[in-house]
Amino acid sequence: MSASRGLLIVLSGPSGVGKGTVRAAVFANNQFQYVYSVSATTRAQRPGEVDGKDYYFVSREEFETMIQNEDLLEYAEYVGNYYGTPIQKIEENLAAGHDVFLEIEVQGAMKVKERMPEGIFIFLAPPNLEELESRITGRGTDAAHVIQERMATAKEEIELMQHYDYVVVNDQVQHAVDKINAIIQSEHLKVERVVDQIRHDMETYYEKERI
């Protein structure tokens, strides 16, 4: 991988674990200048969410057109709604050397891993299932049967944790943010990401010495 290419960072975890809250906290400071990839969804817009910032809120027909045109890196249907990741902006930003941050559902993350295995996959886990259920219920936006569906799905998603590179427990938001930033910055220091640039610098130095 070229040292100048940005990293694809994929944050996912079960519904209700606080992915959106943690992602918002990462970008509240954003000292490392990550670029956020906005996902598209057919689910209803929640209070406080901004179209084009939190999600692109589209109709089912619009979403299916995106599928047909292969405009999505991944997509999945979750609790009756589509979620997907538009691909063009991701590729443009990675090529320009920007780290691109995705916050997506577990199904989507597994599909991204198939197509872009070089990404950094971080699983955001709840402290325990009781806390997860409390967070989902506390939203006040889901009916009882939807909460039951989300908890059943969460169990399946947690079992997929083994396919990720890192696990961060979301016990306190700032702790989770600090760990995520540390993971990403350590990834930038891996030998395979910097060796080509260092070799290039060495070659340039010795070429000058020979002149």
Residue among ALA176, ALA25, ALA109 with the largest mean-square fluctuation in a Gaussian network model of the chain, springs linking Cα atoms under 10 Å: ALA25
Residue-span extension gain [HIS200 to ASN181] - 0.36 nm each, minus C-alpha spacing: 4.0 nm
Area accessible to solvent at LYS208, 1.4 Å probe radius, in Å²: 140
Rounded to whole Hz, the Karplus (6.51, -1.76, 1.60) HN-Hα couplings of region 38-47, x for glycine and proline: 7, 7, 9, 8, 9, 6, 5, 6, 8, x
Range of Cα positions in region 37-96 per principal axis (Å), largest first: 34, 27, 16
Accessible area of LYS89 in the full protein assembly, 1.4 Å probe (Å², nearest 10): 140
GNM top mover of VAL58, VAL191, VAL17 - the chain, alpha-carbon springs below 10 Å: VAL191
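Could you compute the FRET efficiency for ARG210 and HIS163, with r as their C-beta to C-beta distance and R0 at 45 Å, rounded to 0.05?
Efficiency computed from Cβ-Cβ geometry: 0.35.
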At most 11 other Cβ within 10 Å, DSSP loop - trypsin sites (Lys or Arg not before Pro), region 36-66: LYS53
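With respect to the cross-link table entries LYS89/LYS155; LYS89/LYS190; LYS19/LYS113, which display a Cα-Cα separation exceeding 22 Å? The partial results should precede the final answer.
Values: LYS89/LYS155 32 Å; LYS89/LYS190 26 Å; LYS19/LYS113 18 Å.
Flagged as over cut-off: LYS89/LYS155; LYS89/LYS190.
Per-residue counts of other Cβ atoms within 10 Å, averaged by peptide: what ranking do you get for 69-76, 193-200, highest first?
So the order, starting with the most tightly packed, is 69-76, 193-200.
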Distant-in-sequence amide H partners of ARG43 (H built 1.01 Å from N, under 5 Å): TYR82
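Using 1/(1 + (r/R0)^6) with R0 = 25 angstrom and r between the beta carbons of GLU49 and VAL173, what's the FRET efficiency to the nearest 0.05?
On the way: r = 18 Å, r/R0 = 0.72.
Once the sixth-power term is evaluated, E becomes 0.85.
Does region 21-70 classify as rounded, prolate or oblate by the C-alpha gyration tensor (a ≥ b ≥ c root eigenvalues; a/c under 1.5 gives rounded; else a/b over b/c gives prolate, otherwise oblate)? Could you put the intermediate results ahead of the total?
Working: a/c = 4.06, a/b = 1.77, b/c = 2.30.
Since a/c reaches 1.5 but b/c is at least a/b, the shape of region 21-70 is classed as oblate.
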Rough spin-label spacing in nm, given labels placed 7 Å along Cα→Cβ, for GLU192 and THR65: 4.0
Residues whose placed amide H lies under 5 Å from that of VAL167, excluding near-sequence neighbours: PHE123
Chymotrypsin sites (Phe, Trp or Tyr not before Pro) lying in DSSP loop within region 91-184, provided at most 16 other Cβ fall within 10 Å: none
Hz values of 3J(HN,Hα) by residue in region 161-168 - Karplus curve (6.51, -1.76, 1.60), Gly and Pro given as x: 3, 4, 8, 9, 7, 9, 10, 10
Sequence-distant residues sharing a close amide H with LEU8 (under 5 Å, placed H): VAL100, ILE120
Highest-fluctuation residue, GLN31, GLN88, GLN45 considered, GNM on the chain with Cα pairs under 10 Å: GLN31
The chain: C-alpha gyration tensor shape, a/c 1.5 cut-off, then a/b vs b/c: prolate
Antiparallel DSSP beta bridges within the chain, as percent of all bridges there, nearest 5: 30
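The values are calculated or read from the model by the stated rules, or taken from the named source; none is laboratory data. The structure displayed is predicted, hence computed values, not measured ones. Positions of Cβ are generated from backbone atoms using ideal geometry, with glycine treated the same way; all protein chains shown enter the neighbour counts. All accessible areas refer to the heavy atoms of the entire protein, side chains included, with ligands and DNA or RNA removed. Shrake-Rupley method; radii C 1.70, N 1.55, O 1.52, S 1.80 Å.
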